[in-house]
Amino acid sequence: MTVKKGFLSIVENTPNFSNQALENAVDTLKVGWVAKSSTLDSRIASNNILTASQKTDLKADINNVSHLNLGRLLGDLLRHSATIIDATIIPVGTNEPQTETFLSILQNVQTVQGLIPELYGVPAEDKARAVNDHLGTINNIFVDTEDSSRPVFTVLGEAIQAIVDADLATETALETAYTNLINFINGVVADSTDFQTTLDNLATAVATAHTNLNNALAAQPLLTHKNNLILMMDEINAQITMENTNLVGLETFIETLSNNISFASLAEDTTLRRLMSKVAQNKNWQTYFEDYETNQNNLNPIYTGTDKDAIIDQVLADSGLPDVTDATDFEAVAAKARRDDRIDTAGYDRLSVERQISDASRQLLITTANRTISSQSRTLLDNMNKRDRDKIAKQLDLNTSADTLS
């Protein structure tokens, strides 16, 4: 039910969704060489003179120590999150219009949250399909945590600041190398003479500065911070990769699940079920169709519940069982034995009830030698009453099996 309070104030306005919160969080990490690295990444991306191949080569050259090239990592993160907001993360065919929207992405993610528990019997997060598995980067996943772990940006920010505070000459040299490359890119114009050699030299200078700073971080206490840079970089890249994979294939994933629900529902039709069992090439589907009727017959609401013993007791009582409780009533015990499908009662009409009890006992492998008829009757009755209970327990297990996702 939609909340009406405040609705008039928004009904004619758009939410104006953006990744601004993530941008603000990223800005807090732009300290020392990371600030220069971020500026360089931005200048490369926005430059209109460098060709696509030149940009690719340049970014490869200066990514020789990726955990120090944080400007590119943070830039990739922001660009990734922006494609979620404008829905361009969802691919379209060449020359086809972009039909996806942020709203449709949200709706599809919500659909998955309901489909997975229904079809798999587990929360969506168990299948790496929770909301944050699709949209975590724009949901402050790197800033806030729901458990006792420290947020990625907190650990990353502390590592960056510690390295900057160490006042290393190699860190200062890296900032200078960044600045020189930034200034050169800013100064490139369309009518420039060949600048490739200069560009290559400046890129090499940045790569060398990366290596030098990385070497300076090889000992404690800075080694811990360097390792944290690597760990946090890996977490960010893993999140980006997961979100990209989940969102790009989201509609196909939903379509597959929805179609399978439809196929399963058609199995209620006997003729269609038999047809599908013949044309299905997947062995699991064949088994599902072939066993459908048996499993459907095993479903019974009277066996639904969590307390197995209580269910069995109730079904026994509803069935009028145990129908014989007095082992000294030999006639009643013998009559119950004649109703037991495990016992061959041929010729029983010619036998006394005592002999019927003894014969039934022997067939059920109950010892009769040197035992009174009273003792035999008591053991036989216990066996048959347990049999009644076991039969209901089996039906309960069959019901549970048929009603359990597998």
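The values are calculated or read from the model by the stated rules, or taken from the named source; none is laboratory data. None of the values given here were measured: they were computed from a predicted structure. Note that we place each Cβ from the backbone using ideal geometry, even for glycine, and neighbour counts take in every protein chain shown.
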Selection over region 364-377 where residues are over 16 Å from Thr325 (Cα atoms) and loosely packed, with under 15 Cβ neighbours inside 10 Å yields a count of 5
Review point. Got at least one residue in region 225-241 being charged (D, E, K, R), modelled with pLDDT of 95 or more and closer than 23 Å to Leu78 by Cβ?
Key: yes
Checked pairs for region 257-274, first surrounded by 13 or more Cβ atoms within 10 Å (Cβ to Cβ), second part of a loop (DSSP other than H, G, I, E, B), C-beta under 9 Å and 6 or more apart or across chains, list as Phe263/Ala280; Arg273/Ala267
Looking across region 85-101 at residues that are of a type in the set (D, E, K, R) and within 20 Å of Ile138 (Cα to Cα), the single one that is surrounded by the most Cβ atoms within 10 Å (Cβ to Cβ) is Glu100
Pairs returned, first residue in region 61-78 that is under 17 Å from His225 (Cα atoms), second residue that is part of a loop (DSSP other than H, G, I, E, B), beta-carbon separation under 7 angstrom, 6 or more apart or interchain, are Asn69/Ile62; Asn69/Asn63
> Is one or more of the residues making up region 378-385 surrounded by fewer than 15 Cβ atoms within 10 Å (Cβ to Cβ) and either farther than 30 Å from Pro301 by Cβ or among the hydrophobic types (A, V, I, L, M, F, W, C) (or both)?
Replying inline: yes
Note on region 30-46: residues within 36 Å of the chain's Cα centre (by Cα) and buried (at least 19 other Cβ atoms within 10 Å of the Cβ) are Val34, Ser37, Ser38, Asp41
The correct count of residues that are surrounded by 16 or more Cβ atoms within 10 Å (Cβ to Cβ) and in a helix (DSSP H, G or I) in region 309-329 is 4
- request: Determine, yes or no, whether Met232 is of a type in the set (A, V, I, L, M, F, W, C), surrounded by 12 or more Cβ atoms within 10 Å (Cβ to Cβ) and under 16 Å from Ser66 (Cα atoms).
  value: yes
ask   = Does Ile49 qualify as being in contact with a helix residue (DSSP H, G or I) (Cβ under 7 Å, 6 or more places away or on another chain), at negative phi and assigned by TED's automatic domain parsing to the domain that holds Gln161?
value = no
The condition from (1) buried (at least 16 other Cβ atoms within 10 Å of the Cβ); (2) not in a helix (DSSP H, G or I) that Thr137 misses is numbered (2)
Leu77 being within 20 Å of the chain's Cα centre (by Cα), at pLDDT 95 or above and not small (Gly, Ala, Ser)
no
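Kindly provide the set of residues from region 331-374 that are part of a helix (DSSP H, G or I) and among the small types (Gly, Ala, Ser), ordered by number.
Within region 331-374, Ala332, Ala334, Ala335, Ala337, Ser358, Ala360, Ser361, Ser374 qualify.
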The condition of being within 18 Å of Ile182 (Cβ to Cβ), of a type in the set (Asp, Glu) and in the same structural domain as Gly187 (by TED's automatic domain parsing) holds, among Asp76, Asp57, only for Asp57
Per the filter on region 162-190, residues out of contact with any Lys or Arg (no Cβ under 7 Å at 6 or more places or on another chain), within 18 Å of Asn48 (Cβ to Cβ) and assigned to a helix (DSSP H, G or I) are Leu181, Asn183, Phe184, Gly187
Within region 270-329, residues within 30 Å of Ser361 (Cα to Cα) and outside the structural domain of Ser377 (by TED's automatic domain parsing) come out as none
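Kindly indicate whether any position in region 144-160 is hydrophobic (A, V, I, L, M, F, W, C), more than 24 Å from His80 (Cα to Cα), modelled with pLDDT of 95 or more and surrounded by 15 or more Cβ atoms within 10 Å (Cβ to Cβ).
No, that holds for no residue.
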